[in-house]
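Each remark here refers to the structure printed beneath this line.
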Amino acid sequence: MKKTSLNWDHPPAKYQLADDEVHVWRLPLDLQAVELDALGLLLATDELTRAKRFRFPEHRCRFIARRGSVRTILSRYLDVPPQSLMFGQNKNGKPFLLADAKSPPPTFNVSSSQDLALLAVARDRKLGVDIERIDPKHADRQVVASHFSSVEREALENLAEPQWLNAFFTCWCRKEAFIKAVGRGLSLPLDRFAVTVGSDRPGELIALDPSFGFHLSDWSLHDLPPLSGYATALAVHGPAPLISHFQGRI
Ligand SMILES: CC(C)(COP(=O)(O)OP(=O)(O)OC[C@H]1O[C@@H](n2cnc3c(N)ncnc32)[C@H](O)[C@@H]1OP(=O)(O)O)[C@@H](O)C(=O)NCCC(=O)NCCS
């Protein structure tokens, strides 16, 4: 019987997803020029236009690496050329694959922070993924005051600085992954639901405002294998999934 893996494994021989499976891919974004050139050829016109708008070459290259890698991996699940994939987005900007006549496309979500991205893929369920570089420059206590729930604020209050930093980013990622899974963007107030705080507690959604219109038990939060210097989280709708984690060297 398959089990949820605890490592970042080599890519699978077959890109196939059962109903209960979620695949999470770790994508390096600082690539050699030759790899970037190849990935750039896969992008659609609107993606190339967006790439050109980046002021700093580093940001442009990482964008091309992210979009090109995501296209490459998603195309293998559908067995079509990467450049043929077409994306739509919901009214809050959450992207989805447009269906072709023969097969319903997988659902997916992407997150990136500095030189790493994560891509989560499922057969047909809502999911959200988040990665954040643990960087004291972006650890904003004002964010805690304005966006975290009272339970989360209390849990953070009692922590000393090094633990606080990790707990802050873990909590942030769990909240973001949930928001991204739901796909309604920041129209779901971040302080009206609560997650577990700190990587010493497994990711769990612990409270949800009834006004959101869905049940706590319909969603689950998951921790991913460690990535040094980063916090990560995955949120999934429906029954507990079987999760595989892959290193996505293209
Ligand atoms: C846009 C948002 C979905 C995520 O933004 P982010 O954390 O800056 O970026 P990430 O790298 O995690 O995700 C970006 C990707 O998410 C996807 N995405 C965009 N809108 C989305 C939405 N509404 N729902 C889910 N995914 C979305 C896209 O694939 C996007 O990639 P792209 O830039 O190549 O188009 C949104 O939740 C946001 O702005 N969050 C910031 C909120 C905040 O202040 N949080 C404080 C801590 S809780």
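The values are calculated or read from the model by the stated rules, or taken from the named source; none is laboratory data. Please read these numbers as outputs of a predicted model, since none were measured by experiment. Please note: Cβ atoms are built from the backbone with ideal geometry, for glycine as well, and neighbour counts cover all protein chains shown. These accessible areas exclude ligands, DNA and RNA; they are computed on the full protein's heavy atoms, side chains included. Shrake-Rupley method; radii C 1.70, N 1.55, O 1.52, S 1.80 Å.
How are the C-alpha pair distances of region 1-66 spread across 10 Å bins, as whole percents from the shortest bin up?
Percent of pairs per bin, in order: 17, 37, 25, 19, 2.
So if I restrict to the alpha-carbon atoms in the chain, what is the Rg, and what is Dmax, the biggest pairwise distance, in Å?
Expressed in Å, the Cα Rg and Dmax of the chain come to 18.0, 55.
Find the centroid of the Cα atoms in region 93-152 and in region 160-190, then give the distance between the two in whole Å.
Here the answer is 10 Å between Cα centres.
Compute the semi-axes of the equivalent ellipsoid of region 82-208, taking the square root of 5 times each eigenvalue of the Cα gyration tensor, and list them largest first in whole Å.
On the way: eigenvalues 193, 47, 30 Å².
Taking √(5λ) for each Cα gyration eigenvalue gives 31, 15, 12 Å.
Tell me, what is the per residue accessible area of the chain in Å², probe radius 1.4 Å? Spell out each step's value before the answer.
On the way: 13190 Å² over 250 residues.
On a per-residue basis, 53 Å².
Enter the angle in degrees (range 0 to 90, nearest 10) between the Cα long axis of helix 57-78 and the first principal axis of the Cα atoms of the chain, meaning the one along which they spread out most.
70
Net charge near PHE212, counting Lys/Arg +1 and Asp/Glu -1 over other residues with Cβ under 11 Å of its Cβ?
Values: positive: ARG184, ARG192; negative: ASP209, ASP218.
Every neighbour counted, the sum reads 0.
Do any of LYS91/LYS175; LYS91/LYS137; LYS126/LYS175; LYS94/LYS137 go past 25 Å between their Cα atoms, and which?
Violating the 25 Å limit, Cα to Cα: LYS91/LYS137; LYS94/LYS137.
Considering only protein heavy atoms and a 1.4 Å probe, what is the carbon-and-sulfur percentage of the accessible area of region 130-243? Can you show the working numbers first?
Details: 2860 of 5400 Å².
Answer for region 130-243 is 53 percent, counting heavy atoms of protein chains only.
From the helices alone, meaning DSSP H stretches of at least four residues, give me the mean residue ellipticity at 222 nm for the chain, per-run term -39500 (n - 2.57), in deg cm²/dmol to the nearest 500.
Details: 6 runs with 76 residues, N = 250.
Taken over the chain, the calculation gives -9500 deg cm²/dmol.
Any chance you could give the angle, 0 to 90 degrees and rounded to 10, that helix 161-182 forms with the longest Cα principal axis of the chain?
So the inclination is approximately 60 degrees.
Report, to two decimal places, the Cα Rg of region 21-105 normalised by 2.2 N^0.38 Å (N = number of residues). Before the final figure, lay out the partial values.
Values: Rg = 13.4 Å, N = 85, 2.2 N^0.38 = 11.9 Å.
With N residues counted in region 21-105, Rg over 2.2 N^0.38 Å equals 1.13.
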